[in-house]
Amino acid sequence: MGVEGSRARHVAIIMDGNGRWAKRHRLPRAAGHRRGVEAVRKLVRSLRGFDLECLTLYAFSSENWKRPVDEVDDLMTLMRRFIRSDLQEFVDNGVRLKIVGDWRALAPDIVAMLDDALERTRHGERTLAVGLNYGAQQEIVRAARAAAAAGPITTETLEAHLDTADLPPLDLMIRTSGEMRLSNFLLWQAAYAELVFVDTLWPDFTADMLAAALDDFERRERRFGGR
Ligand code: IPE
Ligand code: IPE
Ligand code: MG
């Protein structure tokens with residue numbers, strides 16, 4: 001029997017469209033990324049109002065290194081500033097930070113800041129997971145290697161070695177900006193996730209839009225292959 005009306009525990013968002021937002025406003029791309037960080041900040045502040053265990057945000061993909069070095073630098077600078085300015089607020093609001101992806105390959109100062117942030121937020125009751133230098137194919141290869149080193153590979157043992165092993169199953173994946181692709185995000189985890197694509201560019205995404213996507217989710221019938 002299909003499962004209808006169940007509550008989402010884990011939502012992931014592909015935050016896309018910062019560049020197009022900047023272009024539309026005749027601003028440099030960096031301004032689009034800055035407004036994108038503002039949208040993240042507002043959404044994280046609104047999390048208390050949602051009954052979610054985990055929100056996972058795609059911030060930087062393993063393929064985003066292909067962008068011009070200036071843009072990559074802008075994104076890394078924004079990341080440093082965001083951690084510095086918002087970490088205490090995460091701690092105060094019970095947000096547990098989690099990073100997925102090969103984040104230890106980022107600049108050493110960012111790795112140190114993240115290590116500190118993970119330590120300081122570890123008692124939070126709601127999880128904000130952030131994809132940094134994240135690619136799902138790479139994650140699956142890493143998990144497969146680790147699973148093989150520990151014993152036979154099964155769906156369960158491989159899953160237990162994914163970066164998301166300690167997170168609830170993914171219920172809903174949202175992508176902004178009108179693109180309808182997953183761009184190497186949570187490919188394994190999305191096997192039975194519901195997908196929602198919205199035309200809104202990421203800097204214009206609001207908590208009300210997340211609420212609308214969750215309403216949509218609750219009206220869907222999930223079958224997981226059964227009937
Ligand atoms: C998303 O916005 C931010 C990152 C991928 C880091 P984009 O920079 O991809 O914006 P568009 O897709 O070019 O509009
Ligand atoms: C996906 O967006 C990555 C993030 C949102 C961090 P991209 O803009 O990099 O994806 P493509 O290149 O359009 O598929
Ligand atoms: Mg994009």
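The values are calculated or read from the model by the stated rules, or taken from the named source; none is laboratory data. Being a predicted model, the structure only gives us computed values, none of them experimental. Don't worry about glycine lacking a Cβ; one is built from the backbone with ideal geometry, like all the others, and counts go over all protein chains shown. Heads up: the accessible areas ignore ligands, DNA and RNA and are worked out on the full protein's heavy atoms, side chains in. Shrake-Rupley method; radii C 1.70, N 1.55, O 1.52, S 1.80 Å.
Summary of computed values
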item: Residue 27 touching a residue at least 60 places away in the same chain (Cβ under 8 Å) and surrounded by 13 or more Cβ atoms within 10 Å (Cβ to Cβ); result: no
item: Flag for residue 102 being among the acidic types (Asp, Glu) and surrounded by 15 or more Cβ atoms within 10 Å (Cβ to Cβ); result: yes
item: Of all residues in the stretch 173-227 being among the basic types (Lys, Arg) and out of contact with any Leu (no Cβ under 8 Å at 6 or more places or on another chain), the one that is surrounded by the fewest Cβ atoms within 10 Å (Cβ to Cβ); result: 227
item: Odd one out for residue 83 among (1) under 28 Å from residue 214 (Cα atoms); (2) assigned to a helix (DSSP H, G or I); (3) within 16 Å of ligand 2 (Cβ to nearest atom); result: (3)
item: Qualifying residue in the stretch 116-136 (condition: open to solvent by 30 Å² or more (accessible area, probe 1.4 Å), within 24 Å of residue 162 (Cβ to Cβ), touching a helix residue (DSSP H, G or I) at 6+ places or on another chain (Cβ under 7 Å) and of a type outside the set (A, V, I, L, M, F, W, C)); result: yes
item: Residue ID - farthest from residue 170 (Cα to Cα), chosen from residues in the stretch 70-82 that are away from ligand 3 (no atom under 16 Å from the Cβ) and of a type outside the set (Val, Ile, Thr); result: 70
item: From 72, 111, 141, residue being loosely packed, with under 13 Cβ neighbours inside 10 Å and free of Cβ contacts under 8 Å to residues at least 60 places away in the same chain; result: 141
item: Search result, residues across the stretch 85-116 that are more than 21 Å from residue 72 (Cβ to Cβ) and among the hydrophobic types (A, V, I, L, M, F, W, C); result: 87, 90, 91, 95, 97
item: The stretch 13-69, subset part of a strand (DSSP E or B) and more than 16 Å from ligand 3 (Cβ to nearest atom), residue farthest from the chain's Cα centre (by Cα); result: 54
